[in-house]
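Derivation of every value follows stated rules applied to the coordinates shown; laboratory data play no part. Keep in mind that what you see is a predicted model, and the values were worked out from it rather than measured. Cβ atoms come from the backbone with ideal geometry, glycine included; neighbour counts cover every protein chain shown.
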Amino acid sequence: MASSASQNARDESPSLSHFLEQAHAIGEQAERTAAEAERNRQADERVVRSLIDSGLLKILHAKRFGGYESGFPEFVRVAQVLAQHDVSLSWVYCIIGVHYWWGAFTEPELQEELWGKNPDCVFVDSFAPTGQAEPEDGGFRLNGRWGFLSGLPWAEWSAVGAIAPFEVGGKPEYLMFFMPKDEYQVIDDWHTMGLRGSASASIEAHNAFVPRHRAFRFSQTIETGRAPGLAYNPGPLYRIPIVAGLGLALVPPSVGGAQAVVELFNRSARVRTPRYQQQRQAELVLSQTVFAESMLTLETIEQLLHRCADELMEVSRGERVLDVVQRVRMFACRAYIARRARELVDNLVDIAGARSIFESESTQRFWRDLHAMGQHVALNYEAGMRNYGRVLMGLDPDAALY
């Protein structure tokens, strides 16, 4: 039976303008607390509560649990706006928000455990298959340590990866295991140069028992496009290939962060006179050239981000198919956007002046956050470009996930 929360599901989601208005308001709140969030290594609790209460996390959430099932075009634009104020908060939004989407692929029994009583329940994950799991009667015995679980303080559950047989004597495959928070230990190790406010951390599990319905066959879903939750959530949003959706969700903070740096530089250049110069920075040819190039780069990557989101929705409507070439191209697109955003910011920081390195200046925070995001495996530029080049020239891709 459908959850009682489905009674609250909306036939029509709020408008994009409504979403963006909320995102700006929450972003401004986050911007005021960004320095404190960096010191505390997690976003302000009031900001996160505002984010949850706003309904913005419902954009990709299933209607049966009170979600909107709106789509990736709305999702990436909201994340982009949040990042214009605080990249760490936008990163947390993207991570948690897309989890409401991919959680809809899991066993219906697990979905009811997650959201049947509390549709706002948060889960976080670590896809790296660094755990050890052994199948046994009724489930699995799980051990291991996993890192980079962003948004962990607000999560009731965590999903973690391991390579293991789904059944005793079966062939090892890529599985994701869901555990409630009382079955793992949090390792407070998030001491980083960027994304400090994302409240990421590691977790450990020791001899945890995971019932079979809490194990998700990730590699099987990638290979076949089938998953147990799709009959439970038949909406078109869940026809999108799981890796394509997960990967694109990581991209908008780079674009929004670059937009923020462009705006900060423009405001400064209009009034700043560099030392030993006789002109305002805005009057210097180098500044004009770099800024113009930055604006065109920003326009290009923003349009590419929105185009990728639109293409995913074309897949959901049956108007497009993501074959191997298109999936690898999607990987290349997200890596390209993230790389160009970092380069744009690097170029502006190079001429922004010495004051930009002070902690009191927002520019350095955006710079650090964009470079921290660029380390994510799903945004790896070399892998993305290499594999797209391979398939364009008739070779098989050699990336693990695309």
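Points worth noting:
- Local charge for P253 was computed over the other residues whose Cβ lies under 11 Å away, with Lys and Arg +1 and Asp and Glu -1, and equals -2.
- The chain: antiparallel DSSP beta bridges as a percent of all, rounded to 5: 85
- The overall shape of segment 128-228 is prolate: from the C-alpha gyration tensor, with semi-axes ordered a ≥ b ≥ c, the ratio a/c is 1.5 or greater and a/b exceeds b/c.
- FRET efficiency, E36 to A128 (Cβ-Cβ, R0 30 Å, nearest 0.05): 0.50
- Summing Lys and Arg as +1 and Asp and Glu as -1 over all other residues whose Cβ lies under 15 Å from the Cβ of D398 gives a net charge of +1.
- Separation of alpha-carbon centers, segment 65-123 and segment 301-342, rounded to whole Å: 19
- For segment 156-258, applying the loop criterion from DSSP together with a ceiling of 15 other beta carbons within 10 Å to the trypsin sites (Lys or Arg not before Pro) yields R226.
- Gaussian network model of the chain, Cα within-10 Å springs - most flexible of A383, A332, A292: A292
- Sparse-neighbourhood loop sites, trypsin sites (Lys or Arg not before Pro) in segment 316-399 - DSSP loop, at most 12 other Cβ within 10 angstrom: R317
- Charge tally around S202: other residues with Cβ under 12 Å, Lys/Arg +1 each, Asp/Glu -1 each, net -2.
- Candidate cross-link partners of K171 among the aspartates and glutamates, defined by an alpha-carbon separation under 16 Å and a same-chain spacing of 8 or more, comprise E134, E136, E223.
- Report summary: the helix-based calculation at 222 nm, which adds -39500 (n - 2.57) for every DSSP H run with n ≥ 4 and divides by the residues of the chain, gives -15500 deg cm²/dmol.
- Projected label distance in nm at E293 and E319, using a 7 Å step from Cα toward the beta-carbon: 3.6
- A Cβ-based charge dipole, computed about the Cα centre of the chain with Lys and Arg at +1 and Asp and Glu at -1, lands at about 740 debye.
- Shape of segment 93-155, Cα gyration tensor, a/c cut at 1.5: oblate
- Cα gyration tensor shape of segment 283-336, rounded if a/c is under 1.5, else prolate or oblate by comparing a/b with b/c: prolate
- Loop trypsin sites (Lys or Arg not before Pro), segment 263-293, which have at most 15 other Cβ atoms in a 10 Å radius of their Cβ (DSSP): R275, R280
- Per-pair calculated FRET efficiency, R0 = 60 Å: Q278 and N207 via Cβ, rounded to 0.05: 0.25
- Among G225, G169, G116, the residue with the largest mean-square fluctuation in a Gaussian network model of the chain, with springs joining Cα atoms closer than 10 Å, is G169.
- Dipole in debye (nearest 20) - segment 252-334, about Cα centre, beta carbon charges: Lys, Arg +1; Asp, Glu -1: 380
- Using alpha-carbon coordinates, inclination of helix 324-350 to the longest axis of the chain, degrees: 30
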